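The structure appears below as structure tokens.
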Amino acid sequence: MSDTIEKVKCLIIGSGPAGYTAAIYAARANMKPVLYQGTQPGGQLTTTNEVENFPGYPDGITGPEMMMELQKQAERFETDVRNGWITKVDFSGDVHKVWVNDVKEIHCDTVIISTGASAKYLGLESEQKYLKLGGGVSACAVCDGFFYRNHEVVIVGAGDSACEEAHYLSKLCKKVTMLVRRDEFRASKIMAARVANTENIEILFNTETDEVLGDGQVVTGVRVVNNKTNEKQEIPITGFFVAIGHKPNTDIFKDYLDLDDTGYIINAVPGTSKTNVDGVFVSGDAADHVYRQAITAAGTGCMAALDAERYLAAKDATFEVSTSNYN
Ligand SMILES: Cc1cc2nc3c(=O)[nH]c(=O)nc-3n(C[C@H](O)[C@H](O)[C@H](O)COP(=O)(O)OP(=O)(O)OC[C@H]3O[C@@H](n4cnc5c(N)ncnc54)[C@H](O)[C@@H]3O)c2cc1C
């Protein structure tokens, strides 16, 4: 083994709620975890101002503050938190190999993947502007819908998730306008029927977003265009929700791990964090296309650390039994 190769008992990839929670549990189990933060230290929550639904913060907390607290808690138990991007893995052998920034090679007994998933956006300049300002663009109805109680909002999307989010918003908002690019939903019939039958949801088919309108600080409306007639109209709203899917950050694992069609890592044993490779575990949004919340990410981070600890304990026990046969 060359000097440049480091050996690690538990490597955690990602610094969102899943990664830091896994680190807290792994560190307290004396697994001496090393955690790589990636290019977004703190994960997705660092892009939001208000988190009101994470238990333990009765007055709410900003996303960046909450993630600093989680990092501090992980470091308190001596998690080795590092900057760096995992560029390559090799899970073909007993020892799991991982490369940081294409240079540093690490050999790991266990790996916990907590790389999250990124929401897809339309890519319009105006959309990105108000997203960055925290001024009324969101990709998460469950997270942000509450801030738009009794307001009028627009949601873009045509799949099952979009229908589910539109329905969720309809219970909070005065009116939800749903923009569907084609002349039909991609969603299942039952989900499409549910939104069609909801009184305060209006569906505009063949309709795309031309521009998100605002006053420079917050969203005040959206200009939409009918892609059949080219007719444009402005809809006054305060919230612009995008529900056109997520991309799990799992490309580097695709040669070794079972992924679904979208790229989410598949749990080899449902109800655990196990993947199809022994010693490699997954937590958070990288394997969750259903809930995608900080609390569920944290919960599965805990599961991954416990599964990793039990995997190592079982391995040590096997080693002790097999060596004792020779004594
Ligand atoms: C704008 C917004 C607001 C939200 N508001 C709420 C809310 O109010 N309440 C709530 O419960 N949820 C909210 N969510 C959802 C919540 O943020 C996610 O469910 C949660 O962050 C998922 O946690 P995670 O640890 O799985 O992944 P993430 O938080 O996405 O973290 C992924 C981490 O992996 C790292 N990473 C990725 N690839 C690599 C790599 N190759 N090498 C090294 N590191 C890598 C990234 O740098 C990042 O640190 C919101 C999401 C968004 C986008």
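A few comments on the model shown:
- Listed values for the range 212-227 are Karplus-derived 3J(HN,Hα) couplings in whole Hz (6.51 cos²θ - 1.76 cosθ + 1.60, θ = phi - 60°), namely 8, 9, x, 9, x, 10, 10, 5, 10, x, 9, 9, 10, 10, 7, 6, and x replaces Gly and Pro.
- Residue-wise HN-Hα couplings along the range 97-108, as the Karplus relation 6.51 cos²θ - 1.76 cosθ + 1.60 with θ = phi - 60° gives them from phi, are 9, 9, 10, 9, 6, 6, 10, 7, 9, 10, 9, 10 Hz; Gly and Pro carry x.
- Probe 1.4 Å, accessible area per residue of the chain, Å²: 51 Å²
- Using alpha carbons only, the radius of gyration of the chain set against its Kirkwood radius gives Rg/Rh = 1.05.
- Neighbourhood charge, 12 Å Cβ-Cβ cut-off, centred on Tyr121 and excluding it, Lys, Arg +1 and Asp, Glu -1: +2
- Span per principal axis, largest first, for the Cα atoms of the range 119-224 (Å): 39, 27, 22
- Considering the range 201-240, its Cα convex hull presents a mean projected area of 2.9 nm².
- Rounded to whole Hz, the Karplus (6.51, -1.76, 1.60) HN-Hα couplings of the range 119-125, x for glycine and proline: 5, 8, 10, 6, x, 5, 4
- Shape summary of the range 15-75, radius of gyration then Dmax from alpha carbon positions: 11.8, 34 Å.
- Acute angle (nearest 10 degrees) that the helix 63-76 long axis makes with the longest principal axis of the chain, alpha-carbon atoms: 10 degrees
- The range 284-313 versus the range 93-128: alpha-carbon centroid distance in Å: 16 Å
- Amide proton proximity set for Ser118, modelled H, under 5 Å, gap of 5+: Lys247, Asn249
- Tail fraction, Cα-Cα pairs, the range 68-147, threshold 17 Å, whole percent: 68 percent
- FRET efficiency, Gln233 to Glu50 (Cβ-Cβ, R0 22 Å, nearest 0.05): 0.10
- A Förster distance of 51 Å, applied to the separation of the beta-carbon atoms of Lys97 and Lys129, puts the FRET efficiency at 0.75.
- Just the protein heavy atoms count here, and of the accessible area of the range 97-251 at 1.4 Å, carbon and sulfur take up 46 percent.
- Long pairs among Lys88/Lys120; Lys171/Lys274; Lys129/Lys232; Lys97/Lys247; Lys129/Lys274, criterion Cα-Cα beyond 32 Å: Lys171/Lys274; Lys129/Lys274
The values are calculated or read from the model by the stated rules, or taken from the named source; none is laboratory data. Model, not experiment: these values are computed from the prediction. Because the Cβ atoms are built from the backbone with ideal geometry, glycine has one as well, and the counts that use them run over all protein chains shown. Note: accessible area is taken over every heavy atom of the protein model, side chains too, but ligands, DNA and RNA are not part of it. Shrake-Rupley method; radii C 1.70, N 1.55, O 1.52, S 1.80 Å.
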